[in-house]
Amino acid sequence: SRLPENIEGRALAWYVIGIIVLLALLGWALARLAPPPPPKRVIMTTGAEDGAYHGYALRYREVLAQHGVDLVLRPSSGAAQNLERLRSADGSVDVGLVQGGLVQESDEERLVSLGSLFYEPIWLFYCGKVTIDHISALRGQRLAIGRPGSGTHALGMSVARDNGLTAPPSTLFELGGLAAGEALIDGES
């Protein structure tokens, strides 16, 4: 096979080298400018296994699996522990659910909110014969304030402090979820 008369072998070699260099530069630029692909494995801190956060995480795992993403669940004591894990520099978790009001201004540099997922109303269950219209009326009662490490516990302590319920004759119990409900039904708190 002969080359056309107007292109010599050396000139063709320079064209090929130029095209290779141009393609290499284009590939390098795309690699630098294009966003990385999404991960195929994500670790989520979830909350207690009998809690709502863990239930939501199980549903997320099902949905993400349909798209080829493996969601690894790491149960915790709740929103406060989830936040501590997210704050940690060890990178042991990628995502987690956290109650509003727990995040501090200093978290803005390290954490990113993906959005608000649902409202979490404050529920106060009371079993007694007297109608109460203020939380401070519970002074002297046995109060379940959530498990340590949970957002309920952090919020429960704040509400108890603000209403004078942290000192005797009130008694605070670190129970949450189903255990707190069972204690209420059994008359233990």
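The values are calculated or read from the model by the stated rules, or taken from the named source; none is laboratory data. From a predicted model like this one, the values you see are computed outputs, not experimental measurements. FYI the Cβ positions are ideal-geometry reconstructions off the backbone, even for glycines, and counts take in every protein chain you see. In case anyone asks, the SASA skips ligands and DNA or RNA and just uses the protein heavy atoms, side chains included. Shrake-Rupley method; radii C 1.70, N 1.55, O 1.52, S 1.80 Å.
Observations
- Number of residues in the stretch 66-84 that are farther than 20 Å from GLY176 by Cα, in a loop (DSSP other than H, G, I, E, B) and either in contact (Cβ under 8 Å) with a residue 60 or more places away in the chain or touching a Lys or Arg at 6+ places or on another chain (Cβ under 8 Å) (or both) equals 2.
- Cβ-Cβ under 9 Å pairs, at least 6 apart or on other chains, the stretch 177-189 side assigned to a helix (DSSP H, G or I), far side open to solvent by 60 Å² or more (accessible area, probe 1.4 Å) and among the aliphatic types (A, V, I, L, M): GLY177/ALA52
- Number of positions in the stretch 110-167 that are among the aliphatic types (A, V, I, L, M), part of a loop (DSSP other than H, G, I, E, B) and touching a residue at least 12 places away in the same chain (Cβ under 8 Å): 6
- Out of LEU64, LEU71, sole residue that is farther than 22 Å from MET157 by Cβ and either in contact with a Ser or Thr (Cβ under 9 Å, 6 or more places away or on another chain) or open to solvent by 50 Å² or more (accessible area, probe 1.4 Å) (or both): LEU64
- Residue that is farthest from ILE145 (Cα to Cα) [pool: residues in the stretch 79-104 that are open to solvent by 80 Å² or more (accessible area, probe 1.4 Å) and modelled with pLDDT of 85 or more]: ASP90
- Failed condition for GLY47, given (1) at pLDDT below 90; (2) out of contact with any His (no Cβ under 6 Å at 6 or more places or on another chain): (2)
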